[in-house]
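Novice: Following this message is one structure expressed as structure tokens.
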Amino acid sequence: MAAFLGKALGVTGGSGLLGRNLLNQARNSCRAFLSSLPAVESTATPRMPDFAHLPAPYTGPSAEEVISLRKQFLSPSLFLHFKKPVMVVEGKMQYLYDERGRRYLDAFAGIVTVSVGHCHPAVTEAINRQNQLLQHTTTIYLNNQIAEYAKELADRMPGNLKVVYFVNSGSEANDMAIMMARLYTGNWDIICLRNAYHGMSIGTMGTCGQHTWKQPMPQGFGYHHALNPDPYRGAFGDDGPRYAADVADLISAATPGQVAGFVAETIQGVGGAVPLATGYLPEVYKMIRGAGGVCIADEVQTGFGRTGSHYWGFQRQGVIPDIVTMAKGIGNGLPLAAVVTTPEIAASMASRLHFNTYGGNPVCSAGGRAVLQVVDTERRQQHCAEVGAHLVERLTALAAKHDIIGDVRGAGLMLGVELVKDRKTKEPAKAETAAVMESMKDMGVLMGKGGLHGNVFRIKPPMCFSRQDADFLVEVMDLAISRL
């Protein structure tokens with residue numbers, strides 16, 4: 001049998017039972033065929049758009065072995081998104097491949113981190129080129145990459161946001177932004193939002209507005225959470241100024257009357273792709289500045305054109321922050337993040353030395369510069385606007401068909417689809433969301449989910465995600481919901 005199968009598949013060598021090497025050869029011979037298929041072969045399954053890429057042969061440990069290694073050597077707090085996990089071994093643009101060569105449409109972009117596409121050739125080339133010259137140095141020496149990158153990033157900022165600090169993650173960036181706010185103003189209290197997420201460090205944990213991200217330990221001293229201006233679930237609908245009144249009340253009741261700052265995402269990411277109510281930020285920014293504070297915009301997920309209508313999410317509300325934090329898509333998967341602020345606020349850090357070993361290292365800076373260039377040359381902001389509008393139209397039509405869809409929201413390619421058991425009570429359909437997500441995975445679409453109850457699909461793919469991909473996603477979601 002082994003000899004017959006080996007001959008049929010073009011495999012040479014080996015005898016008796018198929019060993020691991022023979023299986024790998026047989027599997028690799030089938031890759032060209034398998035890579036063109038969705039995750040499950042069925043006449044009822046929508047057809048995934050064609051894509052000309054042949055994944056490299058995989059010869060590493062099996063998924064079962066990797067699961068065993070994770071359980072033995074990685075943190076027990078880690079979790080997997082699916083009952084039957086996908087092992088991702090390769091990515092190309094908006095697609096991912098498992099160890100068997102099967103292709104999946106990535107609708108979550110590594111938690112909104114892959115901006116211009118998995119292994120985008122321009123970004124990969126820039127990284128490899130710098131790797132061959134100099135992998136690491138720090139800011140105690142001169143290097144062109146970090147200096148040129150800082151200018152190119154500052155050139156894309158409005159107003160007087162001209163000073164850049166490079167760090168490694170969104171948590172680090174938000175930590176630094178809060179420290180800057182406190183140093184500059186001389187005040188301590190920070191206003192944030194319920195349902196918010198700004199990181200998992202000891203400093204940023206206090207800003208989070210969901211209990212699921214808070215360890216049972218003392219945290220949150222000096223942080224005050226205002227009503228979330230949620231147009232779907234909030235008490236005041238899409239009336240931003242009415243929610244903003246709660247911030248004024250919070251300042252007068254829970255602080256000394258003076259605050260260090262206010263921090264918010266412009267579309268809440270982990271919270272379930274929740275856009276802030278219309279007119280909210282202009283009112284709140286006035287209140288915060290009137291109380292001696294500065295305004296921090298968390299653009300970790302919304303930046304670099306993802307929302308389509310604007311390059312930065314805060315621009316959707318017509319405001320200019322005093323400090324902007326960014327990460328994730330800034331490096332297309334590289335450990336890269338940044339804080340951008342004004343020269344006046346930056347000066348408050350100069351009374352002491354500041355240093356970050358890896359922040360803006362040459363390789364990360366080269367990759368970050370390449371991302372900026374790709375976003376511009378490939379017109380990714382406009383692409384997000386066009387494809388996102390088409391996807392919203394398709395999802396809205398799907399909501400008219402399925403009562404379980406309570407809300408379709410977001411902007412560009414940062415969208416949310418909330419599932420509810422009843423549209424009047426808005427009871428979260430948590431189990432149903434998990435079932436639909438598992439079914440969509442089996443048909444070749446990898447979705448993200450979020451919200452306090454885990455009942456919101458987070459559709460935030462790489463920004464090269466096409467109109468055809470959007471149609472495929474909706475068709476798969478339609479079928480998965482129909483199977484509930």
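Novice: Can you find a residue in region 213-223 that is assigned to a helix (DSSP H, G or I) and not acidic (Asp, Glu)?
Specialist: Among the residues of region 213-223, at least one is assigned to a helix (DSSP H, G or I) and not acidic (Asp, Glu), which makes the answer yes.
Novice: Among residues belonging to region 319-373 that are charged (D, E, K, R) and touching a residue at least 24 places away in the same chain (Cβ under 8 Å), point out the one that is farthest from Ile111 (Cα to Cα).
Specialist: Result: Glu344.
Novice: Still on this structure, I have one more. Scan (1) open to solvent by 20 Å² or more (accessible area, probe 1.4 Å); (2) within 23 Å of Asn160 (Cβ to Cβ) for the single condition Val339 breaks and write down its number.
Specialist: (1)
Novice: Considering only region 140-151, I want to know if a residue exists there that is in contact with a strand residue (DSSP E or B) (Cβ under 7 Å, 6 or more places away or on another chain), open to solvent by 80 Å² or more (accessible area, probe 1.4 Å) and in contact (Cβ under 8 Å) with a residue 60 or more places away in the chain. Steps first, please.
Specialist: Our first condition is that a residue be in contact with a strand residue (DSSP E or B) (Cβ under 7 Å, 6 or more places away or on another chain); within region 140-151, this holds for 146, 150.
Next, only the ones that are open to solvent by 80 Å² or more (accessible area, probe 1.4 Å) stay: none.
No; the residues of region 140-151 include none that is in contact with a strand residue (DSSP E or B) (Cβ under 7 Å, 6 or more places away or on another chain), open to solvent by 80 Å² or more (accessible area, probe 1.4 Å) and in contact (Cβ under 8 Å) with a residue 60 or more places away in the chain.
Novice: Taking Met463 and the conditions (1) open to solvent by less than 10 Å² (accessible area, probe 1.4 Å); (2) part of a loop (DSSP other than H, G, I, E, B); (3) out of contact with any Phe, Trp or Tyr (no Cβ under 9 Å at 6 or more places or on another chain), which numbered condition does it fall short on, given that it satisfies the others?
Specialist: (3)
Novice: Now a separate question. When the residues of region 249-259 are narrowed to those that are assigned to a helix (DSSP H, G or I) and touching an Asp or Glu at 6+ places or on another chain (Cβ under 9 Å), which ends up farthest from Asp298 (Cα to Cα)?
Specialist: Here the residue is Ala254.
Novice: Please verify whether region 444-466 includes one or more residues that are under 12 Å from Thr45 (Cα atoms) and modelled with pLDDT of 95 or more. Talk me through it step by step, then tell me what you get.
Specialist: Keep residues of region 444-466 that are under 12 Å from Thr45 (Cα atoms), which gives 444-445.
Still in the running and modelled with pLDDT of 95 or more: 444-445.
Within region 444-466, one or more residues are under 12 Å from Thr45 (Cα atoms) and modelled with pLDDT of 95 or more.
Novice: I've got another one for you. Report, by residue number, each residue of region 260-282 that is of a type in the set (S, T, N, Q) and assigned to a strand (DSSP E or B).
Specialist: Result: Gln268, single match.
Here is a yes/no grid of residues against (1) surrounded by fewer than 24 Cβ atoms within 10 Å (Cβ to Cβ); (2) within 17 Å of Pro461 (Cα to Cα); (3) of a type outside the set (S, T, N, Q):
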| site | (1), (2), (3) |
| --- | --- |
| Ala264 | no, no, yes |
| Tyr280 | no, no, yes |
| Glu283 | yes, no, yes |
| Val294 | no, no, yes |
| Tyr311 | yes, yes, yes |
| Asp322 | no, no, yes |
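Novice: Do any residues in region 229-242 that are under 15 Å from Glu265 (Cα atoms) have Cβ atoms under 6 Å from those of residues that are of a type in the set (Ser, Thr, Tyr) and open to solvent by 20 Å² or more (accessible area, probe 1.4 Å), where the two are at least six apart or on different chains, and which pairs are they?
Specialist: Gly240/Thr278
Novice: Given the conditions (1) touching a strand residue (DSSP E or B) at 6+ places or on another chain (Cβ under 6 Å); (2) surrounded by 17 or more Cβ atoms within 10 Å (Cβ to Cβ); (3) within 25 Å of Asn187 (Cβ to Cβ), report the number of the one that Asp230 does not fulfil.
Specialist: The failed condition is (3).
Novice: Another question, then. When region 159-206 is examined, which residues are found to be of a type in the set (Val, Ile, Thr) and outside any loop (DSSP other than H, G, I, E, B)?
Specialist: Val163, Val164, Val167, Ile178, Thr185, Ile190, Ile191
Novice: Scan region 406-437 for residues that are in a strand (DSSP E or B) and crowded, with 16+ Cβ neighbours inside 10 Å and report the count.
Specialist: Adding up the residues that qualify gives 15.
Novice: Which ones in region 160-175 are open to solvent by 20 Å² or more (accessible area, probe 1.4 Å) and of a type in the set (Val, Ile, Thr)?
Specialist: Matches in region 160-175: Val163, Val164.
Novice: Having 1 or more residues that are of a type in the set (Val, Ile, Thr), more than 24 Å from the chain's Cα centre (by Cα) and at negative phi is the bar; report the helices (runs of 4 or more DSSP H) wholly within region 36-152 that clear it.
Specialist: 63-73
Novice: In this structure, does Gly333 turn out to be farther than 19 Å from Ile127 by Cβ, assigned to a loop (DSSP other than H, G, I, E, B) and either open to solvent by 20 Å² or more (accessible area, probe 1.4 Å) or not hydrophobic (A, V, I, L, M, F, W, C) (or both)?
Specialist: Answer is no for this residue.
Novice: I would also like to ask the following. Restricting attention to region 180-218, and to residues there that are basic (Lys, Arg) and under 19 Å from Val259 (Cα atoms), which single residue is surrounded by the most Cβ atoms within 10 Å (Cβ to Cβ)?
Specialist: Arg182
Novice: Which pairs have Cβ atoms under 9 Å, sit 6 or more apart or on different chains, and link a residue in region 283-297 that is assigned to a helix (DSSP H, G or I) to one that is crowded, with 24+ Cβ neighbours inside 10 Å and of a type in the set (Ser, Thr, Tyr)?
Specialist: Glu283/Tyr243; Val284/Tyr243
The values are calculated or read from the model by the stated rules, or taken from the named source; none is laboratory data. Here the structure is a predicted model, which means the values were calculated and not measured. For neighbour counting, all protein chains shown are included, and Cβ atoms are generated from backbone atoms with ideal geometry for every residue, glycine included. Please note that ligands, DNA and RNA were not included when accessible areas were found on the heavy atoms of the full protein model with its side chains. Shrake-Rupley method; radii C 1.70, N 1.55, O 1.52, S 1.80 Å.
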